[in-house]
Structure formats: structure tokens, C-alpha cells
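Visitor: Got a structure for you, questions after.
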Amino acid sequence: MSKYILVFCLTFLTVSTNWGQNTNPELGVKIEKVYTLALQNVQQGLQEANSLLAEIDDYESYYDKAVIYTVVANITMWNGKYDQGIALIQKAIDLIEGKEHDMLYSQAQQILAYAYIAMYRYGDAFKLYSNMIVDDKFGSNENRAFFRKTSKFDFGVLNSLIGRKKEALALYLEAEKYQIDSKMVSAYWEQKAQLYIANSFYFFNKKDSANYYYNRYKNLEKEQGETLAIPYVHWYEGNKAYYDADYETAIKKYNQYEKSLTDKFNKTDDEIQIRKARAFYSIGQLDSALVNLEMVKDSNYLKKQAYLNPEFFKIQHDIYSDKKDEKLADEYLMKYIAAQERFGQFKMNTLGSLYELKENETKVEQEIVKSNLKFYNNYLWIALGALFIIFISVFGIKQRKDAKKFKELMARNSTNLETIAPKSVEIDETPTLNDEKVETLIHQINQLREQDFFLKQKTTLHNTAKKLKTNTSYLSTIINNNLGTTFSAFVNDIRIDYIVNELKTNKQLRSYSVKAIAEEIGYKSADSFSKYFKQNTGLSPSSYIKKLNKEKLNEISML
């Protein structure tokens, strides 16, 4: 993961001296020298940056000081000193926050987000990106397009890192829509972006689209020349071979990628080590697979393991199972199950949904329009009229969307457990389980569902396993591997499915408060219930009840 800071902070190389009209010209020359040296040798760049930092008191302008802190923080992070870099970038943000220096502020925020990711503080990085995109305080139109493009693309990379591949591709393509001056981003960043999009399409087996973006990379390379994006060509070719199950070619390409990455950046890539280990395992080279997995356990292992791809533990389970080492195999199976649960909970609880993010973006866009009205007094009524039309349009669109969602809910019936199709999961290989035992346990789970067992507040994985006379690990494995979901998500789906249908027929229940309804189906708080209800249905509980009551009144009036 430490590669990420280098992969994306190079976005700023072509804009590093474009700090705005407030920048001291002499400082601009020194900054250009810092970045030029850093491209040739990151340690020499850091020495030059520290020399610049030592001169900071010679500059009277708080803006120039903020620029110095930003530049030095950036180069410091290139050298892997993230704690020090975060402290410096925070000084820059403190100096300029709220002072209308949007471009520098946005650069500082993005660099801080990169540092969070490199430090495995994914939750902080996600919140920072969300705020940047939603607040949209990116200065002029040209700068706004630049930062919208780069922020959304980088946000896509973060989504990909925690397994949200579809959301990542959607963000990549949304970022591609912004047309900006090619001088605003480095050739390196532009070329690498095409490779990332090509890789995402290939992951989803959209090979024509993947080839289209790969050809765009090749055309850019012809126009701009080779850049530091070269290692990611090997990365992309290795991933293609891996997705096509050509594991020997994948290993060869990954070796080329790792050599290039080490030579140019002195970094490694955890995800590729894990993927390479699976490739070695698939061709029967178990010891080589273990060697690659050991490379993930560096000095940052304690920080990173909370977000490690569950595949890291799954491969080790498979290896030790093949080696007939049952003790280690069982140990890694437990770690794999725990990682799946943790990974799923992180994605669901910490990150929320892109739907909510988009909804917030729309609100902010409306606020921006409203705030600009005070500068156009001569056109006040025209602007108000336009806003009214926009409001009516947005309201109408929302009403139609809500009506469609409500119609779908009205047609929705309680689902029987045995008819649930397993959800798609990214890990193909699963522990071997006795089919007869699995069938029996699923039948027992179905019986518990029919008895409304999952609507009780004390329904936990432990209590459910105890009720079924099994252990939590086995039960979790069954739910993960046979239903393609986590235990908590499984229970939430049952509860929401139950209440959606119960509210249709139970008039008294519709008169309850949201908190009371939540408690009725096992939730301890109204907030948790509302979050899962909207996530599942697209409507809030109160909106759904309101529409139900209106529907019932219409039915009565028609009698």
C-alpha cells in the first residue's frame, strides 16, 4: 500500500509551481528545483525540501509559508515519512483554511488523504474525500474541474482497495468526463489513469472496453513519451493474465512490475504479493506462495492487517490444508472468517453508500447556486424563477424515483431462505464443507427465520450458533460461503424484509414511532434501523409509512 502515495501525488508535478498570483516568484523557482530533484532521486529531493523548510521564517507571507509546508510535506511522504508529512500538511491547512486559497487548500487536502491511505487510516481518507467532493470548494472553473477529476479518480482507487470494484469503476468513468487543460496534470498521471480504467474493465471481463483504454494509454505514450507509468504496464499485463487464469504469465509480469516499482520508487505492493501468492499456489508451488505472503508482513503489518484482503488468510488456509497441517489450516481459516466479517462491516458501516454521497452533492450544488444569487441582484427574479424550475424538476424526479421504489416494495413478498440465490463474492475458493451438514444447517436457519428468531434484540452470531448447536466459526462460514453475505447483513436483510411486508397490513404498527418499530424487530436504535432500511429499500422508514398511509386512503376512497 505504501506505493499509493507516489502513484497519485505525482498529479501535482505539473502544477507544483502554479500556486497562484500570491506566490513569491523566487519561491516558485526553488519549488521547481525541489520537484525536479525529487523526480531524479527522492532522497535528494527531500534534502532540498528540508533546506527550503529551514528558510521558512525568511518569508513574511502566510501563503508562501503554507506553500512551503505543502511542498515539503509532499516530498517527505514520497520518502515514506507519513507522520512527519501529516504534521507539515496540517500546518499548511491551518494557515490557509477559510482564506479563499482554494487551489492550495485542495492540494493540501488531497496530499493529506494520500497520507491517510498510506497509514492504513482508510476511514479518515474516505471521509476526507467525501467532504472534498461534496463541499466542492475548488476555486475557479478550471481548477474546480481539475480537482473534481483527480479527487473522484483517487476516491475510486480507495474504493477499489477495499473491494468496492464497481463503485471504483463508476468513479473512474465519472472523473473521465471532466475536460481539463492537459498541462494541469502530469503525463505520468494521465497515462496511469488509462491503465487503471483498463484494468477495472478487464476485471469485469469487459475486454473490448479494457483494450480501448489500454490503446488510449499507448497513444498517450507515443505523444508524451515514456513516464513513471511504465511499471503499471507490467501490473496491468500481470492482472490480465491472472484474471484469465494464466498464472505462469501473471507471475512473470508481476516480477517485472515489482522490479520496476522497487527500482523507481523503492516500494512494494501488498495486493500484488497476495495475488502472486495465489498464482504460485494455483500451479502447486506452495513454498513460493508462502514467501510472497511473508513479504506483506512488514513493519506496518499491525496497522494494515485490519484492512487486509481476506484472501491473504484464505491462501494460507489452503496451503496448510494441502500440507496436512490441520492446526495452522484451522488457525488461518478462523483468521479468514474474521477478516471477511471485518472487511464487510468496514465497507457497510464506515463507508456508507455512493448513493448518499451523490445525494449530498446535489444538495451542495443547490446551495452554491443559492449563494451566488447575492452577486446578481439585477437578475434576481430570473434566477429565482430558474431555481423554482430546478426545484420542481428535482422534486418531480425524486417523487418519481420514490414512487418507483415504493411500487417495488408493494410488490415485494417475504423471501424464503432456501430460494435466496448466493450473492457474488470475489473469492472463488472456499473451505470444503460437508454438503449434507450444510443443507441441514440451512434448513435449521430457515426454521429459526419462520419462528421470527432473528427479530429479537439478543440475536447474535454466538446466540444463533448456540441455538443451532454448532460453533460460531462454522455458522459464519456457511453464511459467508453459501449465501455470499455476512451474518450481520443476513440478519438485517431478514428484519427489513419482514418489516416492509408487516407495515403493509398492520395499521397499528404504522402509527408507532420509528424508534418503536426499530425495537419491534430487534434494533437497539432508530438510527441503525433507518440506515439499514434506506440501504435496503431506497426510502427512509417515515417516507415509506407516509406513502403506505396515502395508498390505503386512496384504496378506501375508491370503494
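Readers should treat all values here as calculations from the given coordinates under stated rules, not as data from a laboratory. Everything numeric here is computed off the predicted structure, so don't read it as measured data. Cβ coordinates were reconstructed from backbone atoms using ideal geometry, including for glycine residues, and neighbour counts include every protein chain displayed.
Visitor: Quick one: if the Förster radius is 22 Å, what FRET efficiency do Asp124 and Gln535 give, using the C-beta to C-beta distance and rounding to 0.05?
Guide: Between Asp124 and Gln535 the formula returns 0.50.
Visitor: How do Asp325, Asp497 line up, fewest other C-beta atoms within 10 Å first?
Guide: Going from least to most buried by this count: Asp325, Asp497.
Visitor: Each label point is 7 Å from the Cα along the Cα-to-Cβ direction; what then is the distance between the points at Val29 and Gln47, in nm?
Guide: Computed distance between label sites Val29 and Gln47 equals 2.2 nm.
Visitor: Next up: If you take the beta carbon distance between Lys456 and Asp330 as r and set R0 to 30 Å, what does 1/(1 + (r/R0)^6) give as a FRET efficiency, to the nearest 0.05?
Guide: Working: r = 31 Å, r/R0 = 1.03.
Working from the Cβ atoms, E equals 0.45.
Visitor: Between rounded, prolate and oblate, where does the stretch 31-92 land on the alpha carbon gyration tensor, with a ≥ b ≥ c its root eigenvalues, rounded for a/c under 1.5, else prolate if a/b exceeds b/c?
Guide: Taking the square roots of the gyration eigenvalues as a ≥ b ≥ c, the stretch 31-92 is oblate.
Visitor: Would you kindly work out the equivalent ellipsoid of the stretch 193-262 from its C-alpha gyration tensor and give its semi-axes, the square roots of five times the eigenvalues, largest first in whole Å?
Guide: So the three semi-axes of the stretch 193-262 are 19, 17, 8 Å.
Visitor: Suppose R0 equals 41 Å; then what is the FRET efficiency for Glu551 and Leu448 from their Cβ-Cβ distance, rounded to the nearest 0.05?
Guide: FRET efficiency, Glu551 to Leu448: 0.80.
Visitor: Would you mind classifying the stretch 73-182 by shape? Square roots of the alpha carbon gyration tensor eigenvalues, ordered a ≥ b ≥ c; an a/c under 1.5 is rounded, otherwise it is prolate if a/b is larger than b/c and oblate if not.
Guide: In terms of gyration-tensor shape, oblate.
Visitor: The stretch 243-339: Rg/Rh from Cα coordinates, Kirkwood Rh?
Guide: Using Cα coordinates only, the ratio equals 0.98.
Visitor: Hey, another quick one. If I stretch the segment between Asp58 and Lys297 completely, what's the gain in nm (0.36 nm per residue apart, minus their alpha carbon distance), one decimal? Intermediate results must be reported in sequence, preceding the final value.
Guide: Working: separation 239, 0.36 × 239 = 86.04 nm, distance 4.39 nm.
Residue separation times 0.36 nm, minus the Cα-Cα distance, leaves 81.6 nm.
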